[in-house]
1. Of the residues that sit in segment 74-105 and are over 20 Å from the mean Cα position of the chain (by Cα) and closer than 20 Å to Ile171 by Cβ, which one is farthest from ligand 2 (Cβ to nearest atom)?
2. Can you give me the number of residues within segment 73-89 that are in a loop (DSSP other than H, G, I, E, B) and surrounded by fewer than 21 Cβ atoms within 10 Å (Cβ to Cβ)?
3. So if I check each of Arg50, Arg106, Arg112, which one is without any contact (Cβ under 8 Å) to a residue 60 or more places away in the chain, more than 30 Å from Phe302 (Cβ to Cβ) and in a loop (DSSP other than H, G, I, E, B)?
4. So in segment 272-288, with the set limited to residues that are over 28 Å from Pro147 (Cα atoms), among the hydrophobic types (A, V, I, L, M, F, W, C) and within 15 Å of ligand 2 (Cβ to nearest atom), which one is surrounded by the most Cβ atoms within 10 Å (Cβ to Cβ)?
5. If only one of Glu190, Glu267, Glu279 is among the charged types (D, E, K, R), within 24 Å of the chain's Cα centre (by Cα) and away from ligand 1 (no atom under 16 Å from the Cβ), which one is it?
6. For Val30, are the conditions met, namely being within 17 Å of the chain's Cα centre (by Cα), at negative phi and touching a residue at least 60 places away in the same chain (Cβ under 8 Å)?
7. Could you run through segment 5-20 and say how many residues are farther than 13 Å from His242 by Cβ and not in a loop (DSSP other than H, G, I, E, B)?
Amino acid sequence: MTVMITGGAGYIGSHCCVTFLEAGFDLVVVDTFENSSRESLRRVAEICGRSVAIETVDVRDQTGLERILRQYDCTSVVHFAGLKVVGESIDLPLDYYDVNVVGTYRLVSAMRACGVHTLIFSSSANVYGEPVSLPLDETHRTAPMSPYGRTKLIVETMLQDVAASDPAWRIAALRYFNPVGAHESGLIGESPLIVPTNLMPIICQTASGQRPSLSVFGTDYDTPDGTGIRDYIHVVDLVEGHLAAHRHLAAAPDGPNCLTFNLGTGEGYSVLEMIRAFERASNRTIAYESAERRPGDVAVSFADTGLAERTLRWTAARGLDAMCRDTWNWVCKNPTGYRA
Ligand code: NAD
Ligand code: UD1
């Protein structure tokens, strides 16, 4: 069984490759490498003792995707390829609609043309927008506050319509909370080519001396220490959630054919709690200063993970200390990421 992994060289995709290779699947990665490097896939092979096939094709290239689906006899697709920076999506909305929406449209069209009907899609907790109630469950209303979040919601809606049109489809949209961490080997981790804006990469840069301090965006939220609370999830737990979803789609052919799951831990940690946990893991002091709230940020976001636990029999196993330890191990072994 060959699985096509779009965006498989990226942060989450490369960890997914390890988990799926270890589960016995053959893989073909489709990536343009615009935010990743081939080195991640070389390291995946080093971890697993087995390599993935690599195709440098854009997800908007339907003809190219059809050729790959046929050539490798793919039976399913895990779709990570996309643009993911919320702030950038406000400045470049058409780029986000093009890659995220048109890219998924072309992918699904190619799958239909080739008779491949099983798809796992990377969605985001960003689709919920400002929480009305917590924890966020999958029935919480959706109201994304950025073009990025809207592209994810549009794709989810398109996939529901596609699934309703033909019972052969088996689709899962997975709404990630805040992925952090790295493979415990320290061989693969987050090494973006874009300038990071997420908290964990910025904590890493501060701990390793690449920046003098970090700004804590908002210290006056209605939270115990005044800083924003998020549901951080270890990337290996996250990709194990994909494997569980893949198994579920294969095992329950008569159930609903388009499912949506939160992937989080259900635990929320504040920015200051994250800084302290990382100080413990790294044995470094992390300098920070208070700053204004970042536009578009919500105060608190964490998942109700019950649906994934009950349906997929999956639960995140790695806690905050493991998330920080594995991130720091990756950073220490690869201070410049995959760049030599
Ligand atoms: P990433 O940027 O590390 O990986 C994305 C991969 O897609 C990269 O390898 C990139 O080169 C590739 N790519 C981009 N445009 C492409 C195109 N047109 N054709 C083919 N390949 C292309 O990002 P990630 O953190 O691994 O995220 C993967 C997915 O998960 C994305 O869809 C993202 O929106 C979603 N997601 C990520 C987070 C997060 O915090 N990392 C949170 C929620 C959802
Ligand atoms: C961001 C994205 C979200 C995406 C998620 C995971 C925004 C508004 N949302 O969410 O769509 O799904 O990343 O990729 O960008 N923080 C600081 N200082 C920093 C950076 C962050 O204090 O330098 C704080 C933030 O205010 C927030 C927390 O750390 O409270 C986490 O921030 P971040 O990692 O950017 O994730 P989200 O805001 O949850």
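Each reported figure results from applying straightforward, stated rules to the coordinates on display, with no laboratory input. Just so it is clear, the model here is predicted, and its values are computed rather than measured. Because the Cβ atoms are built from the backbone with ideal geometry, glycine has one as well, and the counts that use them run over all protein chains shown.
1. Step by step, filter segment 74-105, then rank; the result is Thr75.
2. Summing the residues that are in a loop (DSSP other than H, G, I, E, B) and surrounded by fewer than 21 Cβ atoms within 10 Å (Cβ to Cβ) in segment 73-89 gives 3.
3. Working: Arg106 fails: in a loop (DSSP other than H, G, I, E, B); Arg112 fails: in a loop (DSSP other than H, G, I, E, B).
Only one candidate passes the filter, namely Arg50.
4. Residues of segment 272-288 that are over 28 Å from Pro147 (Cα atoms), as a first pass: 272-273, 275-288.
Pick out the ones that are also among the hydrophobic types (A, V, I, L, M, F, W, C) and you get 272, 275, 277-278, 281, 286-287.
Narrowing further to those that are within 15 Å of ligand 2 (Cβ to nearest atom): 272, 275, 277-278, 286-287.
On the way: Leu272: 17, Ile275: 22, Ala277: 19, Phe278: 25, Ile286: 17, Ala287: 12.
Ranking the qualifying residues of segment 272-288, first place goes to Phe278.
5. Glu267
6. Values: within 17 Å of the chain's Cα centre (by Cα): yes; at negative phi: yes; touching a residue at least 60 places away in the same chain (Cβ under 8 Å): no.
In short, no.
7. Our first condition is that a residue be farther than 13 Å from His242 by Cβ; within segment 5-20, this holds for 9-11.
Subsequent filtering for residues that are not in a loop (DSSP other than H, G, I, E, B) retains 11.
Selection size over segment 5-20: 1.
One line per residue, one yes/no per condition, for (1) in contact with a helix residue (DSSP H, G or I) (Cβ under 6 Å, 6 or more places away or on another chain); (2) of a type in the set (D, E, K, R):
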{"residue": "Pro253", "(1), (2)": "no, no"}
{"residue": "Asn257", "(1), (2)": "yes, no"}
{"residue": "Thr260", "(1), (2)": "no, no"}
{"residue": "Ile286", "(1), (2)": "yes, no"}
{"residue": "Glu292", "(1), (2)": "no, yes"}
{"residue": "Arg313", "(1), (2)": "no, yes"}
{"residue": "Pro335", "(1), (2)": "no, no"}
